[in-house]
Each structure stands twice: as structure tokens, then as C-alpha cells.
Amino acid sequence: QVQLVESGGGLVQPGGSLRLSCAASGKIGSIEAMGWYRQAPGNQRELVATIPSTGSTNYADSVKGRFTISRNNTKNTVYLQMNYLKPEGPADYYCNADIVSPATLWSNSVWGQGTQVTVSS
């Protein structure tokens, strides 16, 4: 069983920073793309940023220049550095990863449980 566990959410003032982490554990052959998504109450889940195993990162227009996604393949961890945060009500940030099973070599999309971020004074 593969699990993604996010951490680093919380309450921060506008203009501040937060760093989210997401660690994958379990039976992992390899990890392909990883990403962060967010969902505010009553809204659909939307892409924030993605990072492939190799290649270029991708960001939502709303976070370009402020957020940075990175990964540590040795630790099976993806990070989201969020700077110059803008006011927003509570939103849940979810980690996603395409994880290849060592047994079947099939890739499965796995989601974390989410971590809440609130940007408010």
C-alpha cells in the first residue's frame, strides 16, 4: 500500500510564506510526476504546480513567480514553497503522485489526505 502524507499547512499572514511537504511511503518502484492541487470549500480541485521525474515544472498562472515546486527523489518527497501569499480563506492543499508499482510496473495516481492553508491577518 502506498501512502502520501502532507505537512506544513497552517495560518499565515498575507505576504508571508509557507513550505508544504509531501512524503510517499510504501511499496514504490519509482515515482513519475508529482504535483500539488488545492481546493477551497465549494470549489473544484485545481492544479497548483506539477513536477515530472525529469523535465520542466508547470504552474498555475495565479502562482507563477511566487510558488516553487521541487522534489527529492531519494526521499520520495515533493515540496511546495509558497511566498508572497495572498489572502484566502481555508483551502486544502493536496499532494498527488504517479507511483509505479515494483511488482506490476503499472503506474497509479495516489492522493494525500490534504493539508489546510489559511492566509489571513
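The values are calculated or read from the model by the stated rules, or taken from the named source; none is laboratory data. Everything numeric in this text was worked out from a predicted model, so none of it was measured. Here the Cβ is made from the backbone with ideal geometry for all residues, glycine too, and neighbour counts use every protein chain on show. Note: areas computed on protein heavy atoms with side chains; ligands, DNA, RNA excluded. Shrake-Rupley method; radii C 1.70, N 1.55, O 1.52, S 1.80 Å.
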Looking only at residues that are within 13 Å of the chain's Cα centre (by Cα) and open to solvent by 40 Å² or more (accessible area, probe 1.4 Å) in the range 80-108, which one is farthest from LEU11 (Cα to Cα)?
ASP98
Filter result for the condition that a residue is polar (S, T, N, Q), closer than 17 Å to ASN76 by Cα and over 17 Å from the mean Cα position of the chain (by Cα), over SER30, SER53:
SER30
Name the residue, out of THR68, THR57, THR77, that is surrounded by fewer than 16 Cβ atoms within 10 Å (Cβ to Cβ) and modelled with pLDDT of 95 or more.
THR57
Look at VAL48 and say whether it is farther than 19 Å from VAL2 by Cα, buried (at least 17 other Cβ atoms within 10 Å of the Cβ) and in contact with a helix residue (DSSP H, G or I) (Cβ under 8 Å, 6 or more places away or on another chain).
yes
Scanning the range 37-54 residue by residue, the ones that are touching a Ser or Thr at 6+ places or on another chain (Cβ under 8 Å) and either within 16 Å of GLU88 (Cβ to Cβ) or modelled with pLDDT of 95 or more (or both) total 3
May I ask you to list the residues in the range 59-85 that are farther than 28 Å from GLY29 by Cβ and not charged (D, E, K, R)?
ALA60, SER62, VAL63, GLY65, PHE67, MET82, ASN83, TYR84, LEU85
GLN1 - would you say it is without any contact (Cβ under 8 Å) to a residue 40 or more places away in the chain, farther than 23 Å from SER120 by Cβ and part of a loop (DSSP other than H, G, I, E, B)?
yes
Counting only residues that are basic (Lys, Arg) and assigned to a strand (DSSP E or B), how many does the range 48-83 have?
1
Residue count for the range 10-42, restricted to those that are part of a loop (DSSP other than H, G, I, E, B) and among the polar types (S, T, N, Q)
2
Note: among TYR59, TYR93, just one is in contact (Cβ under 8 Å) with a residue 40 or more places away in the chain and either among the aromatic types (Phe, Trp, Tyr) or farther than 20 Å from VAL2 by Cβ (or both), namely TYR93
